[in-house]
Amino acid sequence: MSKRVLIIEDEPNIIEAISFILSRDGWHVDSHSNGHDAVSVVRARAPDLVILDVMLPGRSGYEILTDLRAQPETRDLPVLMLTARGQARDRELAERAGASRFMTKPFSNADVIEALNALVAR
Amino acid sequence: MATLNILIAVCLGYVAMLFAVAFMAERAALRGRGNWLRSPWIYTLSLSIYCTAWTFYGAVGYAARSGLEFLTIYLGPTLIMVGWWWALRKMVRIGRTQRITSVADLISSRYGKSGVLAVCVTLLAVVGITPYISLQLQSVTLSFSSFAVSDAEGAELIATYDTALWVAVGLALFTILFGTRNLDANERHHGVVMAIAVEAVVKLFALIAVGVFVVWGLAGGVGPMMERIDASQIGQWQVDGGRWVGLTLLSAAAFLTLPRMFQVLVVENEDEGHLRTAAWAFPTYLMLMSLFVVPIAVIGLELMPPGSNPDQFVLTVPLSQGRDGLAMLSFLGGFSSATSMVIVAAIALATMVSNHIVMPIFLRLTQGGASGPSDVRHVVILARRMSIGVVLALGYLYYKVSGGGTALAAIGLVSFAGLAQLLPAMIGGIFWRGATRNGALAGLLVGFAIWAWSLLLPQFGGGALSPGVMEQGPWGIAWLRPEAMFGIEGVDPLLHAALWSLSLNALVFVVVSLISFPSPLERLQGAQFVNIFEHSSNPQSWSGGIAQSEDLMIMAQRILGPAEAQSFFQTEAARQGLAGYLPEPTPDFLARLERELSGAVGGATAHAMVAQIMGAATVSVEDLLAVADETAQMMEYSSQLEAKSSELTRTARQLRAANEKLTQLSVQKDAFLSQISHELRTPMTSIRAFSEILRDADGLQSKDLTRYASIIHAEAIRLTRLLDDLLDLSVLENGQVSLNIREGLLSDVISHSIAATGTDMHALRVRRVGPASEVMLNTDLDRLAQVFINLIANAQKYCDADRPELTIEVNRRGGRIIVDFIDNGSGIPPESQSMVFEKFYRVADRQAGGAGLGLAICREIMARLGGTLGYLPGQGGGAFRVSLPAAQRMAAR
């Protein structure tokens, strides 16, 4: 059975690109483009893995992740954070919020697949 | 045989050498390389001007006539240097701290800067030193003739030319050249001191050379020499206890009071510490000088024919033995002794005469007519030079009048006794605060009168005092007989005169001091002199603000009354947290004291009095003027400082503000960069992801291929637009934009903008209202159109009404043209209204992919065009207002 990944990202083109490459790799891809209700969407859909953008309309990715880590069901959920602001401080914030992996945009498709596979294999 | 010509040549050569030494020392001092000039050894050697021609020639003559008594002349200074070292140090400290220039200056400063006292001391010094200078001229002349005896041609020359005159003229020239080259506030003469030091070595060397020749060359060693001394008259002379004590005392007093000694001891002193070396080195020098005096005298008495002048033994003994070279050296030694004494004495006397007699007269005559300090300097130097000439002329005249026949030592002692009259006023002044000006003046006059009457005048023989006066006293008053005053007869004339003059001088000084009352100024100066060591921890800084709280208190007591002054001082001390009555002289305290005093004596006087004590200032009109000047400068300076201070405060405030702004800007810059990074990376992410998909394409459908390629294309265009916007914004913000100002109709700009946005292909309907759209503009029409297009495009993108409609309304209000863009959508939520003009701000949930720079750019453009762009709330939908200044020239319609 294929693993289910939820992409939380507001840029439609990026959702489309990631969806395409992950589907081709055998993932079941789902997406959501809003920060407001992201936490409840994650809980409702219970994906195996989450790709989370930092700059979302409504709420920042850090806040969403902090909330997820505060709840028992999602405490150990693998989360790959994506950010377009590639400064050291952003990486630090992501790690503090509890990101399993952190990647800077633009990324290489192969890296994303490799990172996801590594995360679910753990 | 040494001819006189050679002698003269040697003399001139020697003087030229002295010139060179003095010149080089002066230059070295000027260039600041003269550290070696300030050695204690130079100081010690310069003290040797105590040993004049009298010592060089006269001591032998003295020994030949009176045996060992000549030693008393050395004993006095030795006792002073060894036993009274601390007193000398005090004098040196006072001299340096108070900028004393001469012995007259010292005494007059101590007694309240008394002009009368200064004149008295100066006159006394001139009268007392004149015989001494004539002594030097006499000795040089004598030594010339000693050489000339064996030279017929020379004898003729000596007879034709007046040697003493030429010596006097030459010495005057040398002294003027190096003693008055420049006007040093400290009255120091490096060149002269150096020349004197060289002369000190020459005369010591010469005397020892003659002595060695006599003992080992003529007597055959120390043993035979001692036998010869025992056999001679000198060995048998009895020591006269009274004369010994008297002469030792006299020479000790003279050592302190002789103007030339004061000059080298105090005025030329570079460092108090030099006294430490001189205290043992100078007595050693004196001992060496006296070592061979008795042997030379004994051998001279044996060898020379009876009746020959014993004062010339140093010269004639080697000459008689055919030792011309040695005689020449000896002559140079004597010449050195004479010249060094005359030079320094002339400088010291000239300083006194010009400072205390010529200058006051000049200032009084001109009444401030001298236009500036340079004029005064010129006059001072001229006065010095003339004074030097006068002093030497007096010495020459005395030589001529007295006939030049007296023994050298006798003349010297007359001078000693005269100058010793300064001793009570001087010593009393620096050790006894009760000493007063009147006391000093009275003692000095009494001592001077007795000395002149009983010692000086009789020197002139029958010319000045008739034998009758000498025998019976003036007008037959027996107790006024010059050599038997008050009925005391049979005493040695010198001892008699010294005893009476000094004892009466001291007595009158003490008695008058006790019964007279000092002026406040005198009290102040007295306190400073007597307590010099408490007051001057640093002798170099006379204006260093080392305060004399005690002196301030003395002054305050005299002005305010003891009770009030004491309570004031106690309060001030308590304010500073000190017990007792003496507060630290802080500026605060001094200001309050000055206020307190000015209540009684007026502000100017109070300030001058405090300034005098604080600055250890001497008290003269010039100094008071300088103080007043300085005060004005200080006030000026202080107000400048105040202005500076407030300016600094202002600058600091501005700097703080600028710093805060910079910090803010830095934060903003970071946020901006972060935003740009985000805005650039987002399209790049899509481009990269899809291009990788296309690269690795296997089994992609052609529909997908086209779609992905068009996404890449669109994102590339978005990136380009973003960069364009960023550059545009940057140019606008930096004010570097160049505007293309043209005339045009507002309605044309609006039409053009609507056409450019292609509204006809869009759902948005544009409605134009308002009467004023036919307005003529004078602005950058393209930039204005850019703003309009942006606003219309925003309405296209964000107006969420079912039937979107944009109303463009033009109005004229005052001197401005108002263009409103109002759509019928839901508008911008209030919390975002102020944010929409910020860079990269996007209202949440936007659908269109702008970079968020459009409105920021529009606002910048409007600012450049002299207008504004703002959000207009309360219009139902999104509403933006553009405001423009109307063109000066309106359209015709």
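The values are calculated or read from the model by the stated rules, or taken from the named source; none is laboratory data. It should be emphasised that the depicted structure is a prediction, and the values quoted were computed from it without experimental measurement. Glycine gets a Cβ as well: all are built from the backbone with ideal geometry, and neighbour counts include every protein chain shown.
Results, tabulated for the structure shown:
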{"quantity": "Yes/no for B:Ser308 being outside any helix (DSSP H, G or I), in contact with a Ser or Thr (Cβ under 9 Å, 6 or more places away or on another chain), closer than 22 Å to B:Ala63 by Cβ and assigned by TED's automatic domain parsing to the domain that holds B:Val212", "calculated": "yes"}
{"quantity": "Exclusive hit being outside the structural domain of B:Asp780 (by TED's automatic domain parsing), free of Cβ contacts under 8 Å to residues at least 60 places away in the same chain and exposed (fewer than 10 other Cβ atoms within 10 Å of the Cβ), set B:Lys703, B:Lys661, B:Lys669", "calculated": "B:Lys703"}
{"quantity": "Given (1) surrounded by fewer than 15 Cβ atoms within 10 Å (Cβ to Cβ); (2) touching a Leu at 6+ places or on another chain (Cβ under 8 Å); (3) of a type outside the set (Ser, Thr, Tyr), index of the condition B:Pro224 fails", "calculated": "(2)"}
{"quantity": "Scope region A:1-21; condition under 13 Å from the mean Cα position of the chain (by Cα) and within 11 Å of chain B (Cβ to nearest Cβ); matching residues", "calculated": "A:Glu9, A:Asp10, A:Ile14, A:Ile15, A:Ile18, A:Ser19"}
{"quantity": "Strands (runs of 3 or more DSSP E) completely within region A:26-104 that count 1 or more residues being within 12 Å of chain B (Cβ to nearest Cβ)", "calculated": "A:49-53, A:79-83, A:101-104"}
{"quantity": "Boolean, B:Lys661 is more than 14 Å from chain A (Cβ to nearest Cβ) and under 22 Å from B:Leu729 (Cα atoms)", "calculated": "yes"}
{"quantity": "Exclusive hit being under 24 Å from A:Pro106 (Cβ atoms), more than 12 Å from every other protein chain (Cβ to nearest Cβ) and in a helix (DSSP H, G or I), set B:Leu732, B:Leu727", "calculated": "B:Leu727"}
{"quantity": "Residue match in region B:736-743 (condition: exposed (fewer than 12 other Cβ atoms within 10 Å of the Cβ) and within 60 Å of the chain's Cα centre (by Cα))", "calculated": "yes"}
{"quantity": "Cross-chain or 6+ apart pairs with Cβ under 7 Å, region B:97-116 first and under 21 Å from B:Ile129 (Cα atoms), then assigned to a loop (DSSP other than H, G, I, E, B)", "calculated": "B:Thr101/B:Glu187; B:Leu106/B:Ile100; B:Ser108/B:Ser114"}
{"quantity": "Test: B:Leu288 is in a helix (DSSP H, G or I) and farther than 30 Å from B:Leu499 by Cβ", "calculated": "yes"}
{"quantity": "Matching helices (runs of 4 or more DSSP H) fully within region B:164-282 where at least 1 residues are at pLDDT below 80 and out of contact with any helix residue (DSSP H, G or I) (no Cβ under 7 Å at 6 or more places or on another chain)", "calculated": "B:222-231, B:241-257"}
{"quantity": "Breaking point among (1) touching a His at 6+ places or on another chain (Cβ under 7 Å); (2) surrounded by fewer than 17 Cβ atoms within 10 Å (Cβ to Cβ); (3) not basic (Lys, Arg), for A:Ala88", "calculated": "(1)"}
{"quantity": "Single match in A:Val120, A:Val112 (criterion: within 14 Å of chain B (Cβ to nearest Cβ), assigned to a helix (DSSP H, G or I) and not small (Gly, Ala, Ser))", "calculated": "A:Val112"}
{"quantity": "Members of region B:432-461 found to be hydrophobic (A, V, I, L, M, F, W, C) and over 10 Å from B:Ala497 (Cα atoms), listed by number", "calculated": "B:Trp432, B:Ala435, B:Ala440, B:Leu441, B:Ala442, B:Leu444, B:Leu445, B:Val446, B:Phe448, B:Ala449, B:Leu457, B:Phe460"}
{"quantity": "Unique match (being modelled with pLDDT under 80 and either crowded, with 24+ Cβ neighbours inside 10 Å or within 30 Å of B:Glu522 (Cα to Cα) (or both)) among B:Leu408, B:Leu419", "calculated": "B:Leu408"}
{"quantity": "Flag for B:Ile792 being surrounded by 15 or more Cβ atoms within 10 Å (Cβ to Cβ) and either in contact with a Gly (Cβ under 9 Å, 6 or more places away or on another chain) or more than 14 Å from every other protein chain (Cβ to nearest Cβ) (or both)", "calculated": "yes"}
{"quantity": "Boolean, B:Ser666 is more than 14 Å from chain A (Cβ to nearest Cβ) and not acidic (Asp, Glu)", "calculated": "yes"}
{"quantity": "Pair list, Cβ under 6 Å, 6 or more apart: region B:799-819 residue within 15 Å of B:Leu872 (Cβ to Cβ), other residue of a type in the set (Ser, Thr, Tyr)", "calculated": "B:Val810/B:Ser773; B:Arg816/B:Ser883; B:Ile818/B:Ser883"}
{"quantity": "Residue in region B:670-711 that is farthest from A:Asp25 (Cα to Cα), counting only those that are at the interface with chain A (Cβ under 9 Å from one of its Cβ atoms) and among the aromatic types (Phe, Trp, Tyr)", "calculated": "B:Tyr708"}
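So that you can scan it fast, the table gives a plain yes or no per residue for (1) under 24 Å from B:Asp782 (Cβ atoms); (2) touching a helix residue (DSSP H, G or I) at 6+ places or on another chain (Cβ under 6 Å); (3) modelled with pLDDT of 85 or more; (4) within 14 Å of chain A (Cβ to nearest Cβ):
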residue: B:Arg813; (1), (2), (3), (4): no, no, no, no
residue: B:Phe821; (1), (2), (3), (4): yes, yes, yes, no
residue: B:Ser832; (1), (2), (3), (4): no, no, no, yes
residue: B:Val836; (1), (2), (3), (4): yes, yes, no, no
residue: B:Val843; (1), (2), (3), (4): no, yes, no, yes
residue: B:Ala851; (1), (2), (3), (4): yes, yes, no, yes
residue: B:Ile857; (1), (2), (3), (4): yes, yes, yes, no
residue: B:Gly867; (1), (2), (3), (4): yes, no, yes, no
